[in-house]
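K.L.:
The structure under discussion is supplied below as structure tokens; questions concerning it will follow.
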Amino acid sequence: MRVVLATRNEHKLREFREALPSIEVLRLPDDVELPPETGETFAENALAKARVAHAATGLPAIADDSGIEAAALDGRPGVRSARYAGEHATDEENLQKLLDEVAAADGDRGVAYVCALVHVTGDGAEWLFERRCSGRLASEPRGSGGFGYDPAFIPDDYDDGRTMAELTPDEKHAISHRGRAARAFRDWLESRA
């Protein structure tokens, strides 16, 4: 099966290709303009992107919207994770803002990654797969793998204190919000075959 991934994020493209080895995940054509992420939920943003990719290419499409929710900040940054420190902020600036605000809240360091993956089939049917990965926020970044908030996200799934950025790609895919959503999508596809 072939699907077009509605993203310009090379990290996400690589992760989906690694997480879905039996599916040909195609790069979004350069001339396709994705809609702004203005939804109030991860699912709304993912659905808008998947619809655009499907309409523009005529191919089955997948899109995700994902981010981090901090308990001490009432779920922020949430759907604003990619723009938390400003519209053109770097991953490092977003992460530093989250670390500073959670430290100032002086309390709960609990966090969760959330991923909403939407699949629009060749005939236009729409399916949602939403998964989470819970953990806690490290006091400072560690590790060189991953991207975004990974250097400070310590997943609950491993008891050795490593951040997502310190895990191997296989370890990360086994537990990450995106890996879990991708597997739910893959399992759904296999159940329909």
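The values are calculated or read from the model by the stated rules, or taken from the named source; none is laboratory data. Keep in mind that what you see is a predicted model, and the values were worked out from it rather than measured. Don't worry about glycine lacking a Cβ; one is built from the backbone with ideal geometry, like all the others, and counts go over all protein chains shown.
K.L.:
Out of (1) surrounded by 17 or more Cβ atoms within 10 Å (Cβ to Cβ); (2) out of contact with any Leu (no Cβ under 9 Å at 6 or more places or on another chain); (3) of a type outside the set (Asp, Glu); (4) within 20 Å of residue 178 (Cβ to Cβ), the odd one out for residue 96 is which?
P.N.:
(4)
K.L.:
Tally the residues that are part of a strand (DSSP E or B), of a type outside the set (Gly, Ala, Ser) and either farther than 16 Å from residue 11 by Cβ or modelled with pLDDT under 95 (or both), restricting the search to segment 60-114.
P.N.:
4
K.L.:
Limited to segment 32-58, what total is found for residues that are at pLDDT 95 or above, assigned to a loop (DSSP other than H, G, I, E, B) and out of contact with any helix residue (DSSP H, G or I) (no Cβ under 8 Å at 6 or more places or on another chain)?
P.N.:
Selection size over segment 32-58: 1.
K.L.:
Right, here's the next one. Considering only segment 51-69, state which residues are surrounded by 23 or more Cβ atoms within 10 Å (Cβ to Cβ) and within 18 Å of the chain's Cα centre (by Cα).
P.N.:
53, 61, 62, 63, 64, 65, 66, 67, 68
K.L.:
Which of (1) touching a strand residue (DSSP E or B) at 6+ places or on another chain (Cβ under 7 Å); (2) under 18 Å from residue 109 (Cα atoms) does residue 140 not meet, given it meets every other one?
P.N.:
Tallying (1) touching a strand residue (DSSP E or B) at 6+ places or on another chain (Cβ under 7 Å); (2) under 18 Å from residue 109 (Cα atoms), residue 140 fails exactly one: (1).
K.L.:
Every residue in segment 5-25 that is crowded, with 18+ Cβ neighbours inside 10 Å and assigned to a helix (DSSP H, G or I), please.
P.N.:
12, 15, 16, 19, listed by residue number.
K.L.:
Same structure again: Taking segment 115-164, which residues are among the β-branched types (Val, Ile, Thr), within 26 Å of residue 48 (Cα to Cα) and part of a loop (DSSP other than H, G, I, E, B)?
P.N.:
Of everything in segment 115-164, just one residue is among the β-branched types (Val, Ile, Thr), within 26 Å of residue 48 (Cα to Cα) and part of a loop (DSSP other than H, G, I, E, B), namely 121.
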